[in-house]
Structure formats: C-alpha cells, structure tokens
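The block underneath contains the structure these notes are about, expressed in structure tokens.
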Amino acid sequence: MMLNLEDLEQLVAFHRLGRLSKVAEEYHISQPSITRTMKRVEESFGVPLFLRTANQIELNETGKKAVEYAADLLKSAKNVIMQVQAFHQRLCTITVESCAPAPLWTVLPALSKKYPDKALSSFLCETEKIISDIQQGKCTFGILPYRVELSGIACEELMREHLFICVPEGHALAGYESVTCEMINGFNCLLASEIGFWSELCQRLMPSSRFLVQTDEFAFRELVKESSLPCFTTDLADEGEDILGRRIVIPVTDPEVNVTYYIIHT
C-alpha cells in the first residue's frame, strides 16, 4: 500500500497533539475517521506503530521514528510542489529585476509588446541579488548599472541616465552651470524612496548631506514644489513643469552618477 501524504499529515498531527480527538477537531473530521487513518498508516508501513489499550492509543518507538521520516517527507513534498509551481510561473511570466526604476519604464512596455501572451513582473533589487537570481534562473532579465562578464550570461548595453540637482532660485548652487557631488555634499536634500541603487549612491558620494526620504509620492511632490531643499531628477524622469518649473536644474558631472545600464539574461 502506498503512503498517503494526507494520512502522514494526520500522523504528524497526532504526535504533536497527543490525542485523536484533538486531531479530529483540527481537521474537522470524526474521531472514527482518524482512527481508520492511523490504522491505514500502520498498514502502509507494514509494522506496528502504536501501543493500544482499551481507551488509549499512543506511538511506540517505531511510530515516533515514522513521524520523523513522515515530517521530512512532507517537507520534501511541499518543496517539490513549490518548485513545480515556480517552474510553471517562470514559463508563464517574464520577471525583470532592476537596480533602478527608470529602465523599467522602457523595458516593460517593450517586453509586453514582444510577449503579449505572458505576464510581466518587475522588482527593484540590489545588484548582487539580480546577478544571483539570473544565474539561478529565478528571473528572466536583470538590469545593472555596470557591465558584467559571467559564463552563460549575456550582457548588453541598454540605455543611459544622467543625474541633475534641482534647486530653488537664490540657492547657493543656483549660479553654477554644472556641479559635482563634492559641491553638493553638506546640503540637506529631498530624496524619493524606491529609487534603487541611486539612494545608496547619493549617500555614499555625499556623506555629509542629510536626505529627507519621502515614501509618499504626493508628499514628495508637494515638498518639491513648496520646500527650499534641493532635490534630484534625471534625464529619464518626467516630473513635469508643475513640479520643477520654479527650480533650476543643474547637471551633476561625476562619472558615477552618469550611468550606463546593461541588461543581462541567460
């Protein structure tokens, strides 16, 4: 007789709860049904698993060992199901992991047009995770801010993005045609959340600046319009005239903030 996973779940539950009545209550079935399940499990193993008295049943030493193996088997079965579901999901879904949001604005519409029968899923991730997930087959495309050379991984130049600082008229930086991160360092700035590697990059290149990170898009836009604090934009962003219209937009010239993106895939 083949082992039944549902029966094994109830065997493990009996070990955990200690009484058939409690197992019956947890699984919303009758106690006689649980009794038959325990008998069926015992027959499947072909050896005695229980010590029985007139009013009580408990696991013997073999039964306790059977519970250990059953728990391992149930865990493996669950893992198999998850892997099969993940494989099917990968067949039906194109997953894109990006180090920054801007490349997704171009890549996702292009993929949607090319693969109209597939769902698209996108995430902002750290670069190490993107590379690891591509190598492990967990995502279809990855977008990095630098080129990589890895066995079995194609890497192609995708697009470029350039950083600008936006300051109100009268700000100390307003008279410059271009600035560096060193010049910005020390000024407190507004920063949007969910901007990928840009957040870490700004904090690393401008360690003396304090960044007021805004998680709410409406609040961020209102602060940009009303606050005197500098903020940032790029040549790929689209804040609109109503947001930056009264600000002076100045290019930042550091090589690190003028980024070339690369798309990787297997």
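The values are calculated or read from the model by the stated rules, or taken from the named source; none is laboratory data. Note that the coordinates shown come from a computational prediction; the quantities given were computed from them, not determined experimentally. Note: ideal-geometry Cβ built from the backbone for every residue, glycine included; neighbour counts use all protein chains shown. What goes into the accessible areas is simple: the full protein's heavy atoms, side chains included, and nothing from ligands, DNA or RNA. Shrake-Rupley method; radii C 1.70, N 1.55, O 1.52, S 1.80 Å.
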Within the stretch 127-266: Cβ-based charge dipole about Cα centre, in debye rounded to nearest 20 (Lys, Arg +1; Asp, Glu -1):
280 debye
So for the stretch 63-104, what are the equivalent ellipsoid semi-axes in whole Å, largest first, each being the square root of 5 times an eigenvalue of the Cα gyration tensor?
38, 12, 4
Dipole size in debye (nearest 20) for the stretch 93-187 around its Cα centre, Lys and Arg Cβ +1, Asp and Glu Cβ -1?
440 debye
Would you grab the residues whose amide H sits under 5 Å from the one on Ser122? Only those 5+ places off in sequence or on another chain, please, with H modelled 1.01 Å from N.
Val96
Using only the Cα atoms of the stretch 1-126, what do you get for the radius of gyration and for Dmax, in Å?
23.5, 73
On the protein heavy atoms, probe 1.4 angstrom, tell me the percent of accessible surface of the stretch 46-99 carried by carbon and sulfur.
59 percent
Would you be so kind as to identify which of Met82, Thr95, Phe45 lies farthest towards the positive end of the dipole of the stretch 34-100, taking Lys and Arg as +1 and Asp and Glu as -1 on Cβ and the Cα centre as origin?
Phe45
Over 20 Å apart: what share of the alpha carbon pairs of the stretch 158-266 falls there, rounded to a whole percent?
38 percent
Option label - percent of Cα pairs over 34 Å apart computed here, alternatives (1) 8; (2) 49; (3) 28:
(2)
The stretch 1-132 - accessible surface per residue (Å², probe 1.4 Å):
65 Å²
Percent carbon-and-sulfur accessible area, the stretch 170-214, ignoring ligands, DNA and RNA, probe 1.4 Å
46 percent
Could you tell me how many cubic angstrom of Cα convex hull volume the stretch 87-157 has per residue?
91 Å³
Need the list of lysines near Lys39 for cross-linking: C-alpha distance under 27 angstrom, and skip anything on the same chain fewer than eight residues off.
Lys22, Lys64, Lys65, Lys75, Lys78
Please find the FRET efficiency linking Lys22 to Phe211, where r is the Cβ-Cβ separation and R0 is fixed at 45 Å, and quote it to the nearest 0.05.
0.25
In the stretch 88-194 the DSSP beta bridges are antiparallel at a rate, in percent to nearest 5, of 10 percent
As a check on your grasp of the helix formula, calculate [θ] at 222 nm for the chain: sum -39500 (n - 2.57) over DSSP H runs of n ≥ 4, divide by the residue count, round to the nearest 500.
-13500 deg cm²/dmol
Among DSSP bridges having both ends in the chain, what percentage is antiparallel? Round to the nearest 5.
65 percent
Computed magnitude of the charge dipole of the chain (debye, nearest 20; Cβ of K, R +1, Cβ of D, E -1)
1320 debye
Here the FRET efficiency for Asn4 versus Ala172, based on Cβ atoms and R0 = 51 Å and rounded to 0.05, is 0.10
Going out from 0 in 10 Å bins, what whole percent of all Cα-Cα distances in the stretch 47-186 drops into each bin?
9, 22, 19, 15, 13, 10, 6, 3, 2, 0
Report the Cα-based extents of the stretch 80-125 along its three principal axes, largest first, to the nearest Å.
36, 25, 7
Return one whole number: the accessible area per residue of the stretch 148-266 in Å², for a 1.4 Å probe.
55 Å²
